[in-house]
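Student: My structure is below; once you've seen it, I'll send some questions.
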Amino acid sequence: MDLHVFLYGGRVSVTLAPAPRSSVGTPAPRRRTRVLALPEARWALASLVAFLAGIAADLGGAPGWAGGILYAVAYACGGWEPALEGLRALREKTLDVDLLMIVAALGAAAIGQVLDGALLIVIFATSGALEALATARTADSVRGLLDLAPTTATRVTGSGEETVPTAELAVGDVLLVRPGERIGADGTVLDGVSEADQATITGESLPVVKRPGDDVFAGTLNGTGALRVRVGRDPADSVIARIVTLVEEASRTKAPTQLFIEKIEQRYAVGVVVATLAVFGVPLAVGENLTDALLRAMTFMIVASPCAVVLATMPPLLSAIANAGRHGVLVKSAVAMERLGEIDTAALDKTGTLTEGTPEVTAVRPLPGSGLDEDALLTLAASAEHPSEHPLARAVVTAARTRGLPLAPATDFTAAPGHGITATVNGAVVTVGRADPADAEHGETAVRVTRDGTPVGTLALTDRIRSDAPAATSALTALTGTTPTLLTGDNEHAAARVADATGLTDIRAGLLPEDKVNAVRDLQTAGRKVLFVGDGVNDAPALAAAHAGIAMGRAGSDLALETADAVVVRDELAAVPAVVRLSRTARRLVAQNLVIAGTAITGLVLWDLIGHLPLPLGVAGHEGSTVLVGLNGLRLLRESAWRSGQPQDT
């Protein structure tokens, strides 16, 4: 897969060839683009070497033709690509900034300022090489994801085993994953027990135990055991492939600020040409000599060119996208990154967003006279529930195992949807089913346990609140100045329990999908720019209606993931305020860049018009401001840019 990143109004077009991906069992290398791997860098270096050699020839008393040839080489090496791009743009009836730079350099040479023109070409080529390197380094994190996926896998067939390219795998194929190998496709474990290091996908710091029935992800590293895995998703649709696709698409989009700049760039460039002709013609008409008038005009064309303005927007936004992607948040476009920083209120779903979306037993309440204590009641219920696949049953069994309670075998198991289960345990008929709502407290789900028709106790289950939810909601409150709104389809008691734990006060419970959309629109009608965070199919309409939407990725529905502007792959709620703060920092850097670019252009133009700006100084000032703007945007690639946005646990 080629990764094409197009930036800066056509000034840089970088194609990263696919790096060789790891084969089965080979750890994915950490790749970093070398400077000289980029053609822009090689041409810039050749131009610089020729330029320095030309200076050395002049200083060493070499014949004039020798220095002239070397300077010509510097012009050719550093100027051929922008000249070609400029001519292509001119053929399409657009005026490219690159062409203005080449014309200015050739104009300087025409009036005998060969050294100054060569200096312009060298600095311009070096600036382009730095931009290309920045683009490549931003894309390295995406290509590193591709490196994680193995190129081959071991497929189990009726006649044995065969090694096949992962691209040829189909849903339903069975793979053999040996210890230490990378898993070739998303799927489900059929046989075997092992651990999988899936930090790159889910962010979990420790290897996760995988047993039959567990899901595994392509590109994750198998541990000490062998696994048989049934492929559950086409390799092109694997989690890691979707991550790469989303980030690639984001890299090819342009923010509204950038689109506005490009819209006026053409008119500005034409204005620069007209003004340059005036700067040349007016002094010439009033008696200034041809060389001085042309030199002033060439200097004006250089310093008035909007290179730094064009570069002001995309480096900060793309650096922010790359940094967020490195930390498990996939922002789908530069537009989305810019919009995330504009929000001034947040609305949060409950189940799967503020909570983990899986029930857990929070209380065991044996009835007086039942003769059972908490452990005995839990053992009885878990033994009966053990054959069931219902989420509440799994929670009861998990609670018993967590306490280390031995489960008795269950026979005559039957399940009645909506009512519960019945089984025989140690000769007694045990029924576990929904209790009367009056038995539930604080938003719990109550489960009643009966033995031989006699109630013996209840179990309380709740949806576990994410450990980082209070800190995340507090951080969002600090960022927006308003407490987030809780929008949930659950009942008021369950919503109130979560709101109390997370510090939320605006609670809207019992909402259907269309009600969530209406709630978001009501906030927006009141003048708010709403960020909605959700995970389910029922959240997709609200995600689409909000000013910006973020989906929780691990358990998120495909519809929610497609609709959202950003996806939290690692399922860390704390990443939501972090990416909002990162977006605001990016927007702030865009404003800084525009101020830097505007100040540099204005100052240099006034100097040239009012006083006498030497051409080398004008070149250095113009290209220096361009490089400064680009490097300023790349600050967001640093780790500290993300850490500063993370909420602190309290």
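Student: Kindly list the number of the only condition in (1) under 35 Å from the mean Cα position of the chain (by Cα); (2) more than 27 Å from Leu613 (Cβ to Cβ) that fails for Pro82.
Tutor: (2)
Student: I'm trying to understand the selection: among the residues of the range 47-67, which are open to solvent by 40 Å² or more (accessible area, probe 1.4 Å) and assigned to a helix (DSSP H, G or I)?
Tutor: Correct list: Leu48, Val49, Leu52, Ile55, Ala56, Asp58, Leu59, Gly64, Trp65.
Student: Here's a follow-up. Anything in the range 629-643 that is hydrophobic (A, V, I, L, M, F, W, C) and crowded, with 16+ Cβ neighbours inside 10 Å? List them, or say none.
Tutor: Val629, Leu634, Leu636, Leu637, Ala641, Trp642
Student: Would you please name the residue that is nearest to Leu631 (Cα to Cα), looking only at residues in the range 319-331 that are assigned to a helix (DSSP H, G or I) and open to solvent by less than 10 Å² (accessible area, probe 1.4 Å)?
Tutor: The initial filter retains those residues of the range 319-331 that are assigned to a helix (DSSP H, G or I), namely 319-326.
Those still in the list that are open to solvent by less than 10 Å² (accessible area, probe 1.4 Å) too: 319-324.
Details: Ser319: 10, Ala320: 13, Ile321: 16, Ala322: 15, Asn323: 15, Ala324: 18 Å.
Residue satisfying both the conditions and the ranking: Ser319.
Student: On to the next question. What are the residues in the range 396-416 that are open to solvent by 30 Å² or more (accessible area, probe 1.4 Å) and within 41 Å of the chain's Cα centre (by Cα), if any?
Tutor: Thr398, Arg401, Thr402, Arg403
Student: Could you give me the residue pairs with C-beta distances under 6 Å whose first residue belongs to the range 462-479 and is acidic (Asp, Glu), whose second residue is outside any helix (DSSP H, G or I) wherever it lies, and which are 6+ apart or on separate chains?
Tutor: Asp463/Thr355; Asp463/Pro359; Asp468/Leu573; Asp468/Ala574
Student: Here's another thing I want to ask about it. Would you pick out the residues in the range 134-159 that are at pLDDT 70 or above and open to solvent by 30 Å² or more (accessible area, probe 1.4 Å)?
Tutor: Scanning the range 134-159 gives Thr151, Thr152, Arg155, Val156, Thr157, Gly158, Ser159.
Student: Hey, can you tell me all the residues within the range 380-393 that are open to solvent by 30 Å² or more (accessible area, probe 1.4 Å) and either part of a loop (DSSP other than H, G, I, E, B) or at pLDDT 90 or above (or both)?
Tutor: Correct list: His386, Pro387, Glu389, His390.
Student: Does the range 342-379 hold any residues that are within 28 Å of Thr431 (Cα to Cα), among the aliphatic types (A, V, I, L, M), part of a helix (DSSP H, G or I) and in contact with a strand residue (DSSP E or B) (Cβ under 7 Å, 6 or more places away or on another chain), and which are they?
Tutor: Within the range 342-379, Leu377, Leu378 meet the criteria.
Student: Given the conditions (1) at pLDDT below 90; (2) open to solvent by less than 40 Å² (accessible area, probe 1.4 Å); (3) more than 30 Å from the chain's Cα centre (by Cα), and given that Asp490 satisfies all but one, which numbered condition is not satisfied?
Tutor: Failed condition: (2).
Student: Return the residues of the range 545-557 that are modelled with pLDDT under 60 and surrounded by fewer than 24 Cβ atoms within 10 Å (Cβ to Cβ); say none if nothing qualifies. Reasoning before the result, please.
Tutor: Residues of the range 545-557 that are modelled with pLDDT under 60, as a first pass: 555-557.
Within the range 545-557, Ala555, Ser557 meet the criteria.
Student: Looking at Ala185 and the list (1) farther than 30 Å from Asn323 by Cα; (2) part of a loop (DSSP other than H, G, I, E, B); (3) modelled with pLDDT of 85 or more, which single condition is not satisfied?
Tutor: Of everything listed in (1) farther than 30 Å from Asn323 by Cα; (2) part of a loop (DSSP other than H, G, I, E, B); (3) modelled with pLDDT of 85 or more, Ala185 misses just condition (1).
Student: Which numbered condition trips up Arg178, out of (1) in contact with a Ser or Thr (Cβ under 6 Å, 6 or more places away or on another chain); (2) open to solvent by 70 Å² or more (accessible area, probe 1.4 Å); (3) under 12 Å from Val229 (Cα atoms)?
Tutor: (1) is the only condition that Arg178 fails.
Student: So, one more: Given the options Ala74, Ala19, name the one that is open to solvent by less than 60 Å² (accessible area, probe 1.4 Å), at pLDDT 80 or above and of a type outside the set (Lys, Arg).
Tutor: Among Ala74, Ala19, only Ala74 is open to solvent by less than 60 Å² (accessible area, probe 1.4 Å), at pLDDT 80 or above and of a type outside the set (Lys, Arg).
The values are calculated or read from the model by the stated rules, or taken from the named source; none is laboratory data. What you are looking at is a predicted structure, and each value in this text was computed from that prediction instead of being measured. Using ideal geometry, Cβ is built from the backbone for each residue, glycine included, and neighbour counts are taken over all protein chains shown. Note: areas computed on protein heavy atoms with side chains; ligands, DNA, RNA excluded. Shrake-Rupley method; radii C 1.70, N 1.55, O 1.52, S 1.80 Å.
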